[in-house]
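Just so it is clear, none of the values below were taken in a lab; they were calculated from the coordinates. Because the structure is predicted, anything quoted here is derived from the model rather than measured. No Cβ is skipped: glycine too gets one built from the backbone with ideal geometry, and neighbour counts run over all protein chains shown.
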Amino acid sequence: MAHLSTDPSRLDVDLIHAFLSERAYWAIGRTREVTERAIANSLCFGAYADDGAQVAFARVVTDRAVFAYLADVFVVEAVRGRGVGKALVAAILAHEDVRGLRRVVLVTDDAHELYARFGFTALAEAENWMNIRRST
């Protein structure tokens, strides 16, 4: 089982940036500067193997009062299927800065089953939501 932490000093920014910019469909081509800024301005979660190597990552953009956006969730291929993703999402939702929030949202193309286990559903009032979507 992976060890979970919100300690920013433990984050392997090289791993995070490489995974996001090269393998994550939602972040292909993201610059290192953008990755670093996103990390610096988010509540970040890392999962670590017994040897200390980072094996998963997620970040939460939140006001810590009413709203959070769960983003950039990934588990490295070598440890997928071992419950790391489930443990990571459970830890995020249990974290003191997230657990009492009125709304936690995310966007996914392929992990609906994982998030549904934790109570996430499709937006009931999707027609009320708006966004600006840019290519960068």
**Asked** In a GNM of the chain with a 10 Å cut-off on Cα contacts, which of Gly119, Gly85, Gly46 has the highest mean-square fluctuation?
**Response** Gly119
**Message:** With θ taken as phi - 60° and the coefficients 6.51, -1.76 and 1.60, list the Karplus ³J(HN,Hα) couplings across segment 26-31 in order, rounded to whole Hz; mark glycine and proline as x.
**Reply:** 7, 9, 3, x, 4, 7
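Could you work out the longest stretch of the chain that avoids the GluC sites (Glu not before Pro) located in DSSP loops with at most 11 other Cβ atoms within 10 Å?
Result for the longest clean stretch: 1-95.
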**Complete:** Per the helix-only model, the chain has a calculated mean residue ellipticity at 222 nm (DSSP H runs of ≥4, -39500 (n - 2.57) each, divided over all residues, rounded to the nearest 500) of -7500 deg cm²/dmol
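For segment 31-75, what does the relative contact order come out to in percent, with C-alpha contacts under 8 Å and a separation of six or more? Don't skip to the end; give the middle numbers.
On the way: 57 pairs, mean separation 12.9, N = 45.
Over segment 31-75, the number comes to 29 percent.
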**Message:** Using the Kirkwood radius over C-alpha pairs as Rh, can you work out the diffusion coefficient of the chain via Stokes-Einstein at 37 °C, viscosity 0.692 mPa s, in µm² per second?
**Reply:** 210
**Asked** Normalised by the number of residues in segment 3-128, what is the relative contact order in percent for Cα pairs under 8 Å and 6+ residues apart?
**Response** 19
**Prompt:** Rounded to two decimals, what is Rg over Rh for segment 1-51 when you use alpha-carbon atoms and the Kirkwood radius?
**Reply:** 0.98
**Within the chain: Cβ-based charge dipole about Cα centre, in debye rounded to nearest 20 (Lys, Arg +1; Asp, Glu -1)** = 240
**Item:** Built amide H within the under 5 Å cut-off of Val105, gap 5+
**Value:** Ala68, Tyr69, Leu70
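Classify segment 43-91 as rounded, prolate or oblate, taking a ≥ b ≥ c as the square roots of the eigenvalues of its Cα gyration tensor: rounded when a/c is under 1.5, otherwise prolate if a/b is larger than b/c and oblate if not.
Because a/c hits 1.5 or more and a/b exceeds b/c, segment 43-91 counts as prolate.
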**Asked** Between Arg80 and residues 5 or more places away or on another chain, which pairs have amide H atoms under 5 Å apart, with H built 1.01 Å from N, and which residues are they?
**Response** none
